[in-house]
Amino acid sequence: MEKKRELYRGKAKSVYETDDPNHYIMLFRDDTSAFNGKKIEQLDRKGRTNNHFNFFIMKKLEEAGIPVHVEELLSDTECLVKKLEMVPVECVVRNVSAGSIYKRYGVKEGLDLNPPTFEFFLKSDALDDPMVNDSHIVSFGWGTQEDIDTMRNLSYKINEVLKDLFDKAGLILVDYKLEFGKYNGQLILGDEFSPDGCRLWDKETRKKLDKDRFRQGLGGVIEAYEEVARRIGCPL
Ligand code: TMP
């Protein structure tokens with residue numbers, strides 16, 4: 001597969017065109033950003049760690065019957081993905097209160113959320129990713145009610161698979177963000193799943209092992225990502 005022009009450069013990943021019109025190459029860079037790009041640093045080994053992590057998780061989800069865009073690991077920092085037409089929303093599932101939810105609703109950090117909450121956010125750096133509901137998505141034409149139901153159902157199904165996978169590794173899956181897109185008319189999981197887009201705490205100590213270490217300046221960011229990978233059996 002020949003890598004062609006860079007089509008899109010996000011805050012941590014780049015997407016390249018290939019000689020196949022149905023596939024892209026997704027490149028994980030070492031760039032690490034927080035607070036909508038206000039804090040940016042290069043962290044050694046991050047691109048490599050997240051690429052392997054994402055591939056491992058996507059394949060686990062595929063084995064569990066979730067349609068995913070990731071097809072093949074091409075190098076330490078690149079993977080081959082299906083070309084999707086993305087729905088411009090982010091789906092966030094929370095099992096435990098942390099981050100924006102406890103600030104927004106005044107609840108304490110660390111509360112078990114049962115059933116887990118599900119939220120949509122508009123993917124827009126310019127607008128700071130505002131929360132949106134079903135009605136906004138349908139009325140603005142970002143997706144149909146059927147798309148909404150599919151994204152919600154798949155997000156909850158993914159929760160069952162991943163909560164269990166991390167639990168067996170002594171980790172709590174606190175929350176995470178997913179993005180979906182269409183391939184031949186079918187909604188499938190796109191983007192990535194890595195410690196950049198989820199919160200993971202050690203079950204015993206509640207030590208944070210995700211991007212909150214970067215956001216909060218706690219240090220040991222990549223070491224934490226590597227520890228999670230090792231615990232779930234993901235080769236790096
Ligand atoms: P939040 O607490 O900031 O709303 O984030 C909830 C989870 O979703 C957290 O694990 C981070 C992830 N997330 C992203 O990775 N990118 C985003 O743009 C948003 C809104 C959330």
Strands (runs of 3 or more DSSP E) wholly in segment 1-81 with at least 1 residues that are among the hydroxyl-bearing types (Ser, Thr, Tyr) - which ones?
3-9, 13-18, 23-28, 31-34
Look through segment 111-138, keep the residues that are among the small types (Gly, Ala, Ser) and closer than 28 Å to residue 37 by Cβ, and return whichever of them is most open to solvent (accessible area, probe 1.4 Å).
126
Kindly establish whether residue 149 is in contact with a Phe, Trp or Tyr (Cβ under 8 Å, 6 or more places away or on another chain), without any contact (Cβ under 8 Å) to a residue 60 or more places away in the chain and more than 17 Å from residue 94 (Cα to Cα).
no
List pairs: first residue in segment 73-100 and without any contact (Cβ under 8 Å) to a residue 24 or more places away in the chain, second residue assigned to a loop (DSSP other than H, G, I, E, B) and more than 9 Å from the ligand (Cβ to nearest atom) anywhere in the structure, Cβ distance under 7 angstrom, at least six positions apart or on different chains.
97/107; 97/108; 97/109; 97/110; 97/111
For segment 98-110, enumerate the residues that are surrounded by 14 or more Cβ atoms within 10 Å (Cβ to Cβ) and aromatic (Phe, Trp, Tyr).
102
Condition check for residue 11: within 14 Å of the chain's Cα centre (by Cα) and under 15 Å from residue 214 (Cβ atoms)
yes
Kindly check whether there is at least one residue in segment 81-95 that is hydrophobic (A, V, I, L, M, F, W, C) and within 25 Å of residue 202 (Cβ to Cβ).
yes
Of all the residues that make up segment 169-200, how many are under 19 Å from residue 67 (Cα atoms), over 10 Å from the mean Cα position of the chain (by Cα) and open to solvent by 10 Å² or more (accessible area, probe 1.4 Å)?
6
Top-ranked residue of segment 145-165 - restricted to ones that are open to solvent by less than 70 Å² (accessible area, probe 1.4 Å) and among the hydroxyl-bearing types (Ser, Thr, Tyr), ranked as farthest from the ligand (Cβ to nearest atom)
150
Restricting segment 1-53 to residues that are farther than 30 Å from residue 185 by Cβ and of a type in the set (A, V, I, L, M), the one most open to solvent (accessible area, probe 1.4 Å) turns out to be 40
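Here's the yes/no breakdown for (1) in contact (Cβ under 8 Å) with a residue 40 or more places away in the chain; (2) within 22 Å of residue 79 (Cβ to Cβ); (3) within 16 Å of the ligand (Cβ to nearest atom):
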{"position": "167", "(1), (2), (3)": "no, no, no"}
{"position": "171", "(1), (2), (3)": "yes, no, yes"}
{"position": "176", "(1), (2), (3)": "yes, yes, yes"}
{"position": "188", "(1), (2), (3)": "yes, yes, no"}
{"position": "197", "(1), (2), (3)": "no, yes, yes"}
{"position": "211", "(1), (2), (3)": "yes, yes, yes"}
{"position": "221", "(1), (2), (3)": "yes, yes, yes"}
Looking at (1) farther than 28 Å from residue 43 by Cα; (2) under 17 Å from the mean Cα position of the chain (by Cα), find the lone condition where residue 108 falls short.
(2)
Take the residues in segment 201-226 that are farther than 15 Å from residue 173 by Cβ and part of a helix (DSSP H, G or I); name whichever of them is most open to solvent (accessible area, probe 1.4 Å).
223
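The values are calculated or read from the model by the stated rules, or taken from the named source; none is laboratory data. The structure displayed is predicted, hence computed values, not measured ones. We place every Cβ from the backbone using ideal geometry, glycine too, and count neighbours over all the protein chains shown. Each accessible area value is taken on the protein alone, full model and side chains, heavy atoms only, with ligands, DNA and RNA left out. Shrake-Rupley method; radii C 1.70, N 1.55, O 1.52, S 1.80 Å.
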